[in-house]
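Working notes, beginning with the structure itself.
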Amino acid sequence: MSFTKCIEILAKYYPSFLLGIRTTLIVAITGTLLGLLIGLFVGGVRAIRLDKTVSTSKRIMKRILDIIARIYIEVFRGTPMMVQAVFIYYLVYTSLVRWDKMTAAIFVISINTGAYMAEIVRSGIQAIDPGQNEAARSLGMSSMQTMMDVILPQAIRNAFPAIGNELIVNIKDSSVLMIISITELMFQSNSIAGTTYRFTETYFLTAMIYLLLTGLSSILLGMIEKKMNHTRTSLPQSDTSFSSISLANKGAKS
């Protein structure tokens with residue numbers, strides 16, 4: 001491999017690399033955000049627990065939603081994204097509407113990520129102390145209010161490292177979407193390599209670009225996580241230590 005050739009390829013074809021980077025980031029970031037929304041809904045549905053006072057019809061509906069959610073998660077976690085992309089793109093393209101490749105790519109990444117996000121959110125919800133749910137319900141909050149205002153914000157914060165990891169995975173896994181001819185980074189690299197016949201140098205540059213993108217994403221996500229943790233620890237906390245409780249009891253007796 002010649003590093004001189006790497007520099008020459010980068011200098012000559014940097015517009016193509018930039019286009020590939022742009023497309024990759026758009027697909028990965030948008031797909032991750034939409035996947036998070038899907039995961040919040042599906043994971044929330046799976047994690048929510050109905051009261052004994054809930055009607056039979058709502059229990060039946062909850063059971064049906066649980067089955068649908070479980071099937072969705074198993075299908076999209078158990079099949080390769082490349083297969084999903086080809087199947088979904090050509091199924092919709094030939095049967096329903098002639099959608100563009102960018103929309104198809106974002107859709108595929110979103111529903112694939114949503115399956116993983118659903119389990120991440122569900123585990124984040126289950127990690128929260130059940131006493132918080134009971135406290136919220138004792139204040140008169142409904143199951144939906146408790147989930148939206150109390151449980152989910154904490155679940156997202158607890159699961160943020162795993163959520164951020166999905167973004168990094170999507171930056172890399174977007175490369176499989178070249179199967180539907182979306183002009184992401186790997187598609188552009190294949191075109192450049194085919195033009196220059198310098199496959200080693202071109203794919204070395206591509207690997208370095210992916211490494212740069214994921215590295216910068218890790219740094220940014222780490223900063224956001226640190227900010228979230230700082231916000232949580234800087235909030236005023238009630239003093240419930242053993243010594244403070246003892247002092248309070250002594251004051252009450254006197």
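The values are calculated or read from the model by the stated rules, or taken from the named source; none is laboratory data. Since the model is a prediction, treat every value here as computed from it, not as a measurement. Reconstructed Cβ throughout: ideal geometry from the backbone, glycine too, with neighbour counts over all protein chains shown.
Worth pointing out:
- Here is the figure for segment 19-51: residues that are closer than 15 Å to Tyr72 by Cβ and among the β-branched types (Val, Ile, Thr) total 3.
- Number of the condition not met by Arg98 [criteria: (1) under 20 Å from the mean Cα position of the chain (by Cα); (2) of a type in the set (Lys, Arg); (3) at pLDDT below 85]: (1)
- Residue ID - modelled with the lowest pLDDT, chosen from residues in segment 33-50 that are part of a loop (DSSP other than H, G, I, E, B) and surrounded by 12 or more Cβ atoms within 10 Å (Cβ to Cβ): Leu50
- Only residues that are assigned to a helix (DSSP H, G or I) and at pLDDT below 90 were counted across segment 51-64, and they come to 8.
- In the set (1) surrounded by 18 or more Cβ atoms within 10 Å (Cβ to Cβ); (2) in contact with a helix residue (DSSP H, G or I) (Cβ under 6 Å, 6 or more places away or on another chain), the condition left unmet by Leu152 is number (2).
- Selected residue (only one of Thr94, Thr53, Thr30 is under 23 Å from Ile180 (Cα atoms) and surrounded by fewer than 13 Cβ atoms within 10 Å (Cβ to Cβ)): Thr94
- For segment 174-190, the candidate set comprises residues that are in contact with a Phe, Trp or Tyr (Cβ under 9 Å, 6 or more places away or on another chain) and among the hydroxyl-bearing types (Ser, Thr, Tyr); within that set, the residue that is farthest from Met1 (Cα to Cα) is Ser181.
- Per-region count, segment 170-184, residues assigned to a helix (DSSP H, G or I) and either over 19 Å from the mean Cα position of the chain (by Cα) or crowded, with 18+ Cβ neighbours inside 10 Å (or both): 10
- A search for C-beta distances below 6 Å between a residue of segment 24-53 that is charged (D, E, K, R) and any residue that is assigned to a helix (DSSP H, G or I), counting only pairs 6+ apart in sequence or on different chains, returns Arg46/Ala69; Arg46/Arg122.
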